Amino acid sequence: MDADGHNAVFRDERLAMLLDTIAEVSSTLDLDEVLVRVVDRSLDLTGAERGILFLPDTDGEAVPRVVRERGRSHLSLPVQYSRCVTSRVLALGRPEFIEVQAQGQQGYDPSQSFVDLKLRTLMCAPLTSNGRPIGALYVDSRTTGDREFGEDDLRFFTALADSVAIAIENARLHEKALETERLKERLSIAAEIQRDALPPNRLELPGYDIYGVSRPCEETGGDYFDYLVDERPRVGLVVGDVTGHGLGAALYMLNARARLRSSLTWEPDASRVLEHLDRELEREMPSGKFMTLLVTTLDTEDRTVRSISAGHEAPLLLRAGADDFEQLPGRGAGLAMGIGSGWRVSEPCRLEPGDLLVLATDGIPEAHVPVPEGEVKDLWGEKRFRDRLRELRDEDSESIVRGVLAAINEHVGGREPEDDITLIVVKVEA
């Protein structure tokens, strides 16, 4: 057979090997299995001693993900390899190969690791998908084998890398989809836990009509409300707001709620409880995160209300027959802000029949229609909030809550608000 005929057979054999490899690595969507198959087949097809597959870590830096040697066995990490070559391949998106006999050729400049490892040859090709790099495929050897690598080998190795990159990306997308489903399931469980942690909307308390609600803007949120009822004549109304929203904020909220509930059962002084909670949250919450908290206590015997605030807006009080709102005094710093406050409970304020007491989070006045970044937001605002409360003052507490939520929904055009919303309305009965 002449040289052209031999080359044609050789190319046909390689094409068959390439197609067979693609079929094998594409037969599963398990990412770890795909990566191992890619490296093993690379070693089979090139005759190299060792193969490494690089993928980005969480910081986006390509690092060895799978390291195998001929014979289909794993090599433990960390591992030495020619960082100089792989860095160039990843940066330039071009494949490279190095042979020792090429040392005299112009441009030959092996890395120190190439010399330290006593490598005879190596090849490295980028893994690309949709024109963007997703990693690199690398093989090297200390021995020469039956033949030397050349440009044809590099072209074949590059074609192999291009082909298996698709299988790798498909497996990565599949893994990401599975993780998304698992995250959705975890979020659903977390949302159920959070819903179960909230009290019934209505608090049955003689002499008062009380209704509360908390609506996260995502599946879970950082707002909450609670009713603290014990054997004493005092009943606690609590509203809290953790910065941010979503699962992380919900977990901090649930943590704080549990601590507040347990602490107030044995320590009636709410200011001391806040000091203790502040220290604990400061140790646990990341920098820039904090929590605002409002605890309002109703004394059912003498019909007085007292309040303590950690960075939260004080309760609004609309007296029967009045048009102007009062705000109970006292507002300290938020919790976990690292500055402490010396929180103090306000002096008792007597309630009369027909009075309206409102506890809310900032998601209500700050509700707005989403706008492009840089544009001014049309907040629902404190004025609209108070006007709506005046309009609904003669309704029962549930109707007032639902009326406020309906007005917010109208303002945001039926879209989901960008922050959690929590509201407790207390009407004093005759």
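The values are calculated or read from the model by the stated rules, or taken from the named source; none is laboratory data. A quick note: this is a predicted structure, and the numbers were derived from the prediction, not measured. FYI the Cβ positions are ideal-geometry reconstructions off the backbone, even for glycines, and counts take in every protein chain you see. With ligands, DNA and RNA removed, areas are computed over all heavy atoms of the protein, side chains included. Shrake-Rupley method; radii C 1.70, N 1.55, O 1.52, S 1.80 Å.
Listing for the model above:
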{"read-out": "Arg259 being open to solvent by 80 Å² or more (accessible area, probe 1.4 Å) and either at negative phi or part of a helix (DSSP H, G or I) (or both)", "value": "no"}
{"read-out": "Qualifying residue in segment 60-82 (condition: modelled with pLDDT under 80 and closer than 25 Å to Arg172 by Cα)", "value": "yes"}
{"read-out": "Residue in segment 207-245 that is modelled with the lowest pLDDT, counting only those that are closer than 16 Å to Pro268 by Cβ and open to solvent by 20 Å² or more (accessible area, probe 1.4 Å)", "value": "Glu231"}
{"read-out": "Long-range neighbours under 6 Å by Cβ, at least six apart or interchain, first residue of a type in the set (Gly, Ala, Ser) within segment 119-134, second modelled with pLDDT of 85 or more", "value": "Ala125/Pro95; Ala125/Leu137"}
{"read-out": "Condition met for Ser346 (over 24 Å from Ala310 (Cβ atoms) and among the hydroxyl-bearing types (Ser, Thr, Tyr))", "value": "no"}
{"read-out": "Within segment 194-206, tally of residues that are crowded, with 20+ Cβ neighbours inside 10 Å and without any contact (Cβ under 8 Å) to a residue 24 or more places away in the chain", "value": "0"}
{"read-out": "In segment 368-417, the residues that are open to solvent by less than 20 Å² (accessible area, probe 1.4 Å), in a loop (DSSP other than H, G, I, E, B) and farther than 25 Å from Asp209 by Cβ", "value": "Val412"}
{"read-out": "Residue that is surrounded by the most Cβ atoms within 10 Å (Cβ to Cβ), among those in segment 83-123 that are modelled with pLDDT of 80 or more, hydroxyl-bearing (Ser, Thr, Tyr) and over 12 Å from Ser141 (Cα atoms)", "value": "Thr86"}
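Residue-wise test of (1) outside any strand (DSSP E or B); (2) surrounded by fewer than 20 Cβ atoms within 10 Å (Cβ to Cβ).
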| position | (1), (2) |
| --- | --- |
| Lys289 | yes, yes |
| Leu298 | no, no |
| Gly342 | yes, yes |
| Ile364 | yes, no |
